[in-house]
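Structure first, then comments.
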């Protein structure tokens, strides 16, 4: 009996060892991230210009992550207003808009090996805006601002770009997108005031 049990255990162990060494390509589970895919890190400095509260504004930020097989983009991005649009609240007080947003960045590049190709990224995330009264404190201090309103918001930011391969490690892209802001939650500006078309310039470095 003992010999039979030992024989069965030996067969099971040998079978398990053989199974680990055998790989059937037809039954292999495919995944986006695996050892057979080419993963390339990159980072990009971005400039976005468009209207915010009916005023021409500039957002500066960056995004980065990895390219999977030179096509699929997986990363994160963050952007902030640098021109500080002006608004007037119901009490006729002039306020300055400050804030930004960040989130997960997904995308796909078409024909990335060509000198000129297409890129379709989308950022999904959240952000915050503040409406500051810059003259609230009448003093000689350099910091006279006081935040009267602030709120978080949800954002979806898709974009279409034309990219040019300058070298194997350097790319430049221009494009256009639309900033969808949802749930800003302040009285002075609406989601529509924060949402708008924009043009974009990107300067990218990486192992393309």
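The values are calculated or read from the model by the stated rules, or taken from the named source; none is laboratory data. Note that the structure is predicted; figures quoted are calculated from it, not measured. Positions of Cβ are generated from backbone atoms using ideal geometry, with glycine treated the same way; all protein chains shown enter the neighbour counts.
On the given criteria, is residue 75 free of Cβ contacts under 8 Å to residues at least 40 places away in the same chain, in a strand (DSSP E or B) and either out of contact with any strand residue (DSSP E or B) (no Cβ under 9 Å at 6 or more places or on another chain) or under 15 Å from residue 120 (Cα atoms) (or both)?
Yes; evaluated as a whole, the condition is true for this residue.
Among 91, 31, 40, which is the only one that is in a loop (DSSP other than H, G, I, E, B) and either under 22 Å from residue 132 (Cβ atoms) or modelled with pLDDT of 85 or more (or both)?
From the options 91, 31, 40, the qualifying one is 91.
I'm trying to understand the selection: among the residues of the range 61-84, which are under 24 Å from residue 188 (Cβ atoms) and crowded, with 20+ Cβ neighbours inside 10 Å?
79, 81
Just name the residue that is farthest from residue 131 (Cα to Cα) out of those in the range 143-172 that are in contact (Cβ under 8 Å) with a residue 12 or more places away in the chain and not in a strand (DSSP E or B).
168
Can you name the residue in the range 173-196 that is under 21 Å from the mean Cα position of the chain (by Cα) and in a loop (DSSP other than H, G, I, E, B) and is also surrounded by the fewest Cβ atoms within 10 Å (Cβ to Cβ) among such residues?
183
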